[in-house]
Amino acid sequence: MEAVAGRGWPVIRLVGCAGAFLGVSDFWRPAAREAGLRNPRRIQAHFARQGVPIWSSRAERVFQTVSSFSKRRLAAALNLIFQADKALRDTRPDDRVVMEDFVLRLTA
């Protein structure tokens, strides 16, 4: 966090960047695992049939994450994202503390 913040990126921009990736992809990952999808092409085809077309590069990232993490770990990550988002929307959040806590819990 310090390395990125030290480059002049405001914390709110970091949250936006993380949200752009995590906001969509993290909801696809548990769905891909539940459907038993075993490769990026099947992931892409599955979501296209659902009416949500995705790019092949995004399907590849979803596949890599699904292959790397257990269902329990993905669910825990979604919960941490929810908690961090809620904390950032609080009346007087300290963004830095919230994000540090999020990163520490996510990587623990």
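The values are calculated or read from the model by the stated rules, or taken from the named source; none is laboratory data. This is a predicted model, so every value here is computed, not measured. Cβ placement follows ideal geometry from the backbone for every residue including glycine, while neighbour counts extend to all protein chains displayed.
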Residue satisfying all of: in region 67-85; of a type outside the set (Gly, Ala, Ser) and under 22 Å from Ile43 (Cα atoms); surrounded by the fewest Cβ atoms within 10 Å (Cβ to Cβ) among these: Arg72
Could you list, in sequence order, all residues of region 45-56 that are at pLDDT below 90 and part of a helix (DSSP H, G or I)? His46, Phe47, Ala48, Arg49, Ser56
Does region 70-84 include one or more residues that are among the β-branched types (Val, Ile, Thr) and not in a helix (DSSP H, G or I)? no
Return the residue satisfying two criteria in turn: it lies in region 67-83 and is over 12 Å from the mean Cα position of the chain (by Cα) and not charged (D, E, K, R), and of such residues it is modelled with the highest pLDDT. Gln83
It is to be established whether one or more residues within region 88-95 are part of a helix (DSSP H, G or I), modelled with pLDDT of 85 or more and of a type in the set (Lys, Arg). no
Does any residue in region 79-99 that is closer than 27 Å to Pro30 by Cα come within less than 7 Å, Cβ to Cβ, of a residue that is in a loop (DSSP other than H, G, I, E, B) six or more places away or on a different chain, and which pairs are these? Ala87/Pro93; Met99/Met1
For Gln64: the one exception among (1) surrounded by fewer than 18 Cβ atoms within 10 Å (Cβ to Cβ); (2) assigned to a loop (DSSP other than H, G, I, E, B); (3) at pLDDT 80 or above: (2)
